[in-house]
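Colleague: My questions will all concern the structure given below.
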Amino acid sequence: QEEGEAALTEAELEQRVEIFLSETETLWMLDLPPALVSTEAEEAARVVERNKVYAEICKAKIGSEYFEEKMVQTISGAAKTKEVQCETITMAEKGMMVTSWDLDNSLKASETEPAETEEPRAPQGKSSKSPPAEEQGQDVAAPSARGNIGHFCPGAVPARSHQEKESHSEEILASASLQQDLVVMERILMENIFQPKLAAYRQIPVLIEPPVTPYTKKEEAEEEEDEEEKKDEEKEEERPLSDPKESPAEGAGASLEQLWKYRCDLTSGHSVSSMAWNKVNPDLLAVGYREFVSQDQKKGLACCWSLKNPMWPERIFHCEHGVTAVDFSLASPNLLAVGMADGCVAVYDVRSRGGAVLLDSSASLNKHKGPVWQLRWVEQDRGATGGDRKERLMCISGDGRMTQWFIQQRLDCSDVVKLKRTESGKKILPGERERKSEAPISQQAAGMCFDFHPEDTDIFLAGTEEGHIHCCCCSGKEQILGTYRGHKGPVYKVAWNPCSTDTFLSCSADWSILLWHRDCHTPLLTFTSVTAFVHDIQWAPKSAFIFAAVSERKVEIWDLRVSIFQPVLSCAACPEGNLSSILFARNAPCLLLGDSSGQVGVWQLHNLAVPSPDQVWPGLIP
């Protein structure tokens, strides 16, 4: 014991002393927080909610035009001090005389010769050729300007070649994202341009943005009252044309108003041969085009038009020969059947953007030898739905054959009916000898058109070039059930009435339209108002009385309730070409007219009362 330190007494030594041991403060040398949180932790619910909010923010930014996805590296390396020794980068300024022909020569040289890093030497007596100004990084002067052009050229940065820039720009133009963005932009522009016409087609009011001007409260109230009165007047004027309860105004006759035209540079000079709506999408229209120059058929087109863009088709299918018939499938709405002037039948998939043919009959031994004037997908079992629905592709050709096509690995067909020429049916007068007629060159009668019965898919009508209409049956021993004689020229179109299924119409090159009954082999009515070929006819979709017909220079609307002698509407064709085909819109009171100049006009019908489909013809049916 040191001196000065008091000695402990016995009582102090026996006293109990408590000593507590504790840890020192923890010194954190490295702290890496975990990226995962246990589901049993207290903050687990808060982390899950935060992740949901972040996922929604990312999902919302994908469609934004200000969002751009990029990859970055966020790990920052440790700072290091590094010393190097190098030569000083020198900056040089150069100047030269540049003329317009120097610029032109240098641009041509950059397109033909590979880019070089060193500047070529100029030959004696000629001005030196320099790389393009945009590659050197200098400002481009006007072609006619002369003078010194100065620039700084760091030697460490190589210039990009002209070929690299062109390839990079081609990659951008061919990218799928740019194509999709252009489609969206195109849709927006078309909607802005055709919004009033499309609204009239859809039978919805046209949206007009009012001008923004400061108003007082009194003026605002008066403006609102005027707008309500205008809306009431527009509602009264914009009544649906197909409502049977509404009647047209007194003294107001039927009229046509053109909304727009389906046309582009590709279809110019071609003639519209046929049109068909898609069975599922009523806004998609298929149009077939053919071209005749000095009676020689050239290449044809099959285009799919959409209401979203009346100025350019959605799909374009180039065909080796003129297209004479088109039709969409109902079981597979993406399949488009196309008939051609050389007798070939092709099937395209409209979902494909390449335009390649899916199936072709060019390799078939049973293919048609004449033009396929009409084809149609016909349902075999109309009661089936969905995948159980079966179809058959039927065609009629100028070689006198009605065929059924089988879609397997390749297209092949079998004959349903062979149309043969029939005798004229002239009665021999008493005392007159029967003349021996010369044998025809071909025993086959060229088929021009056909139409299947709306209720019985085994019964169909077939029009021939000699002017006869045959009622045929697909099943049974007797294929031809009867023949209707009344036309003096080729029958261009036959059409069953969609509401009164025992009657049908036919049009011919003899300038006439005939109304027939199934049980009567003589026409009930004859409609003749123009001295020209009647190329096409069609019944209104929901009417037993109204039909439309087109000749070369006129379109006519007939309403048999009003008159059986004169059409209720007759309009002249556009001066660009002759009318060739007609088609009613499925979901609007509109009419589509195709002409020989490659245009398909969409016309709206006004003041035409459509009757109920339950009404029948009094006194016309025997």
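The values are calculated or read from the model by the stated rules, or taken from the named source; none is laboratory data. Predicted model only: the values in this text are computed from it and were never measured. Counting neighbours? That spans all protein chains shown, and the Cβs are built from the backbone with ideal geometry, glycine included. The accessibility values were calculated without ligands, DNA or RNA, using every heavy atom of the protein model including side chains. Shrake-Rupley method; radii C 1.70, N 1.55, O 1.52, S 1.80 Å.
Colleague: Taking the condition of being open to solvent by 10 Å² or more (accessible area, probe 1.4 Å) and either in contact (Cβ under 8 Å) with a residue 40 or more places away in the chain or in contact with a strand residue (DSSP E or B) (Cβ under 9 Å, 6 or more places away or on another chain) (or both), how many residues in region 552-569 meet it?
Modeller: First pass over region 552-569, keeping only residues open to solvent by 10 Å² or more (accessible area, probe 1.4 Å): 552-554, 556, 560-569.
Those left that are additionally either in contact (Cβ under 8 Å) with a residue 40 or more places away in the chain or in contact with a strand residue (DSSP E or B) (Cβ under 9 Å, 6 or more places away or on another chain) (or both): 552-554, 556, 560-561, 564-569.
Summing the residues that are open to solvent by 10 Å² or more (accessible area, probe 1.4 Å) and either in contact (Cβ under 8 Å) with a residue 40 or more places away in the chain or in contact with a strand residue (DSSP E or B) (Cβ under 9 Å, 6 or more places away or on another chain) (or both) in region 552-569 gives 12.
Colleague: Taking only region 332-376 into account, find how many residues are among the small types (G, A, S), part of a loop (DSSP other than H, G, I, E, B) and over 15 Å from I316 (Cβ atoms).
Modeller: Keep residues of region 332-376 that are among the small types (G, A, S), which gives 332, 337, 339, 341, 343, 346, 352, 354-356, 361-364, 370.
Next, from what is left, pick out any that are part of a loop (DSSP other than H, G, I, E, B): 332, 341, 343, 352, 354-356, 361-364, 370.
Add one more test, that the residue is over 15 Å from I316 (Cβ atoms), and what stays is 332, 341, 343, 361-364, 370.
Final tally of qualifying residues: 8.
The rows are residues; the columns are (1) among the β-branched types (V, I, T); (2) on the phi > 0 side of the Ramachandran plot; (3) surrounded by fewer than 18 Cβ atoms within 10 Å (Cβ to Cβ); (4) not in a strand (DSSP E or B).
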residue: T483; (1), (2), (3), (4): yes, no, yes, no
residue: Y492; (1), (2), (3), (4): no, no, no, no
residue: C499; (1), (2), (3), (4): no, no, no, yes
residue: L505; (1), (2), (3), (4): no, no, no, no
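Colleague: Report, by residue number, each residue of region 295-316 that is open to solvent by less than 20 Å² (accessible area, probe 1.4 Å) and within 12 Å of the chain's Cα centre (by Cα).
Modeller: Within region 295-316, the subset open to solvent by less than 20 Å² (accessible area, probe 1.4 Å) is 300-307, 309-310, 313.
Of everything in region 295-316, those that are open to solvent by less than 20 Å² (accessible area, probe 1.4 Å) and within 12 Å of the chain's Cα centre (by Cα) turn out to be A302, C303, C304, W305, S306, L307, N309, P310, P313.
Colleague: Could you run through region 187-223 and say how many residues are under 41 Å from the mean Cα position of the chain (by Cα), more than 25 Å from R586 (Cβ to Cβ) and either modelled with pLDDT of 85 or more or open to solvent by 90 Å² or more (accessible area, probe 1.4 Å) (or both)?
Modeller: Adding up the residues that qualify gives 7.
Colleague: If you don't mind, another one. Among the residues of region 372-397, which ones are at pLDDT 90 or above and open to solvent by 30 Å² or more (accessible area, probe 1.4 Å)?
Modeller: W373, R376
Colleague: Within region 526-548, how many residues turn out to be more than 18 Å from P498 (Cα to Cα) and assigned to a strand (DSSP E or B)? Give the derivation first.
Modeller: From region 526-548, those more than 18 Å from P498 (Cα to Cα) are 526-535; that's our starting set.
Next cut, assigned to a strand (DSSP E or B) only: 526-527, 534-535.
Adding up the residues that qualify gives 4.
Colleague: Could we say that V357 is of a type in the set (A, V, I, L, M), out of contact with any Pro (no Cβ under 9 Å at 6 or more places or on another chain) and open to solvent by 40 Å² or more (accessible area, probe 1.4 Å) here? Before you say what the answer is, go through the steps one by one.
Modeller: Numbers: of a type in the set (A, V, I, L, M): yes; out of contact with any Pro (no Cβ under 9 Å at 6 or more places or on another chain): yes; open to solvent by 40 Å² or more (accessible area, probe 1.4 Å): yes.
Against the criterion (of a type in the set (A, V, I, L, M), out of contact with any Pro (no Cβ under 9 Å at 6 or more places or on another chain) and open to solvent by 40 Å² or more (accessible area, probe 1.4 Å)), V357 qualifies.
Colleague: Looking at E556, E576, can you tell me which residue is assigned to a loop (DSSP other than H, G, I, E, B), of a type in the set (D, E) and either within 37 Å of the chain's Cα centre (by Cα) or modelled with pLDDT under 90 (or both)?
Modeller: Values: E556 fails: assigned to a loop (DSSP other than H, G, I, E, B).
None of the others qualify; the one that does is E576.
Colleague: May I pose another question? What number of residues within region 521-536 are more than 19 Å from S563 (Cβ to Cβ), modelled with pLDDT of 90 or more and open to solvent by less than 50 Å² (accessible area, probe 1.4 Å)?
Modeller: Final tally of qualifying residues: 1.
Colleague: Could you name every one of the strands (runs of 3 or more DSSP E) located completely within region 441-481 that has at least 2 residues being under 36 Å from the mean Cα position of the chain (by Cα) and charged (D, E, K, R)?
Modeller: Details: elements: 447-452, 459-464, 468-473.
Per the criteria, no element qualifies.
Residue-by-condition table, conditions (1) at pLDDT 85 or above; (2) under 18 Å from W516 (Cα atoms); (3) open to solvent by 60 Å² or more (accessible area, probe 1.4 Å):
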| site | (1), (2), (3) |
| --- | --- |
| I428 | no, no, yes |
| E434 | no, no, yes |
| A446 | yes, no, no |
| E455 | yes, yes, yes |
| G467 | yes, yes, no |
| G486 | yes, yes, no |
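For (1) within 23 Å of E186 (Cα to Cα); (2) among the hydrophobic types (A, V, I, L, M, F, W, C), each residue gets a yes or a no:
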{"residue": "Y289", "(1), (2)": "no, no"}
{"residue": "C304", "(1), (2)": "yes, yes"}
{"residue": "P310", "(1), (2)": "yes, no"}
{"residue": "P333", "(1), (2)": "no, no"}
{"residue": "G343", "(1), (2)": "no, no"}
{"residue": "V347", "(1), (2)": "no, yes"}
